[in-house]
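Take a look at the structure below.
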Amino acid sequence: MKIALVQIDTVIGDIKNNKQKIIEGYQQGANDGVELVIFPELSLVGYPPQDLVEKEEFRQAAINASKEIASITGKTGLIFGTITERDDLIGTDIHNSALLCFEGKVQFTQHKTLIPNYDVFDEMRYFDSAKDVYVFEFHGEKLGISICEDIWNDADYWYKRRYSVDPVKKLIDKGATVLINISASPYHYGHRKDRQEMLSVLTRRDKVPLAYVCNVGGQTDLVFDGASMCFDNFGNLVLLGKAYSEDYFVFDTKAKYTPILKSERSFEEEILDALIYGLKEYCSKLGFKKVLVGLSGGIDSALVTYIAVKALGKENVHVALMPSEFSSEGSIIDSRKLINNLGISSEEISIQPVVDKTIEMLDGSFNGKHPDVTEENIQARIRGIYLMALSNKHNYLLLTTGNKSEMAVGYCTLYGDMSGGLAVIADVYKTEVYRIAKYINNDIEIIPNEIITKAPSAELRYGQKDQDTLPEYELLDKILRMYLEENKEINEISEIIGDNELVKRILRMVDVNEFKRKQAAPALRVSKKAFGYGRRYPIVQGWRK
């Protein structure tokens, strides 16, 4: 069977334009003489639609659009994802479904069986599970159609399975000769490799070819990488779609292909491309043409500025230097060098007069108390005022520049450096920021070497260094990874690190700064456990005091 895989970039809720993309992709496949054209999970409504599915008008619009799509089909089959309704007065009565259309109507519907409810997934809130799965005979093959999570429960791959049911195994037992999986699988580094290995095990065991089509695009904090995959019945990956781009390609289940051994590139390449793509998508779908960055002379703001230039072009990136009495001459020189290297527009506005006046006006209210972090935060918040004013006046999207290490321990200022509409690198640890910066400079120095080699500092007081407050970032990030991503607790981490008091201090910093993260801009997700929707902890809690 010849199957066209069409990985499209949808906009959540934009049923009209999503429908048009499905129709155009189908027509291309029909013109190419394929038997079947397939699209990703919920491609008609966008993924994840969240509470939009609770609106009756939205559901009806999706149902009407599905009928319109089906009406244009001929002998070539079409499978796409959408929401459907079934009123049995149990549960939500809404399904995440795959529709198979041909000859002008919907001929078969398969609902999703495994409804994920972990990490960034919250589908149990919206969808009922399929009561069963069925194969469908089409063009001489028995199609086993599944939706995303349904294929992520293979007993031969997982040491511990999340669900007791395996829908794909049931499809195989019912005689499926070709497997189809339509997916919306958010990217994080390593996920594509896991995807390849799992699907390879499944197809090798069952000796059935698989066409796996995954959506592509940025949906607020989630980045979908596409990279749709086709496997032969020996478990070989034989076709791989483009990453971070729409794509169309044809899989012939009877043809011989040269196996593809590797689906994921280096950490630096993948993360950089994901961040660039996520920012580009966020701006495009919200209508922002230009972005603004507060350039400090540090490595974080330098990396964010570089990503912005790659995403939007140098003519659409503007930076503001906002020196104070504590800003080193080196930071200003380094910032100007970066500006020149990238060819971007900039302006320089001193915050010192406003800082001095603010502290003068508050002097009486401070009641003679000694200067402390309060005065440091005033500086950061005045910079936030400047940046938001420029953002409002010129319709710039303000990008925040904090990294994951800082966000974890609260080494950031609410309404100061946390001000902005998108946190570009808030899911990238500080040590990873350095790795990516060095990678960028592989061929030519773009980020000034002085920025990479100097000791990191917020420059909110004389001689300040990050390590006055925090351990070395290599050590800090090691602790944070174990706590945030591996779910290790104090005793386990302390045994590895060898310093129980340090571990207790760092973990407490993570816990007590949840209130800051709840107010932070959405962060582009590139790890398996990002702050935000995928990590939900209470602000008020007494587990660790």
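Here V213 fulfils each of the conditions (1) assigned to a strand (DSSP E or B); (2) without any contact (Cβ under 8 Å) to a residue 60 or more places away in the chain; (3) of a type in the set (A, V, I, L, M) apart from (2).
Applying the condition of being among the small types (G, A, S) and part of a loop (DSSP other than H, G, I, E, B) to the stretch 249-287 and asking which residue is surrounded by the most Cβ atoms within 10 Å (Cβ to Cβ) yields S263.
Of all residues in the stretch 456-479, those satisfying the criterion of being among the acidic types (D, E) and not in a loop (DSSP other than H, G, I, E, B) are D466, D468, E474, D477. Before we move on, is I115 under 26 Å from N18 (Cα atoms) and in a loop (DSSP other than H, G, I, E, B)? So I115 fits the description; yes. If the condition is being of a type outside the set (S, T, N, Q), crowded, with 24+ Cβ neighbours inside 10 Å, touching a Gly at 6+ places or on another chain (Cβ under 8 Å) and at pLDDT 95 or above, then the stretch 398-417 contributes only L399.
Apart from one condition, K193 fits all of (1) in a helix (DSSP H, G or I); (2) over 26 Å from E85 (Cα atoms); (3) touching a strand residue (DSSP E or B) at 6+ places or on another chain (Cβ under 6 Å); the exception is (3). The numbered conditions (1) over 26 Å from L272 (Cα atoms); (2) part of a strand (DSSP E or B) are all true for A389 except (2). Set side by side, the residues Y439, Y537 differ, and just one is surrounded by fewer than 18 Cβ atoms within 10 Å (Cβ to Cβ) and in contact (Cβ under 8 Å) with a residue 40 or more places away in the chain, which is Y439. Here S350 meets the list (1) within 19 Å of G297 (Cβ to Cβ); (2) part of a helix (DSSP H, G or I); (3) out of contact with any strand residue (DSSP E or B) (no Cβ under 7 Å at 6 or more places or on another chain) almost entirely, failing just condition (2).
For the stretch 143-164: of the residues being among the aromatic types (F, W, Y) and out of contact with any helix residue (DSSP H, G or I) (no Cβ under 6 Å at 6 or more places or on another chain), which is nearest to C101 (Cα to Cα)? So that I can check it myself, show each step before the final result.
From the stretch 143-164, those among the aromatic types (F, W, Y) are 152, 157-159, 163; that's our starting set.
Now drop any that are not out of contact with any helix residue (DSSP H, G or I) (no Cβ under 6 Å at 6 or more places or on another chain), which leaves 152, 158-159, 163.
On the way: W152: 25, W158: 34, Y159: 37, Y163: 30 Å.
The qualifying residue nearest to C101 (Cα to Cα) is W152.
Can you find a residue that is among the aromatic types (F, W, Y) and surrounded by fewer than 20 Cβ atoms within 10 Å (Cβ to Cβ) anywhere in the stretch 298-320? Scanning the stretch 298-320 turns up no residue that is among the aromatic types (F, W, Y) and surrounded by fewer than 20 Cβ atoms within 10 Å (Cβ to Cβ).
The values are calculated or read from the model by the stated rules, or taken from the named source; none is laboratory data. Everything numeric in this text was worked out from a predicted model, so none of it was measured. Glycine also receives a Cβ, built like all others from the backbone with ideal geometry; neighbour counts cover every protein chain displayed.
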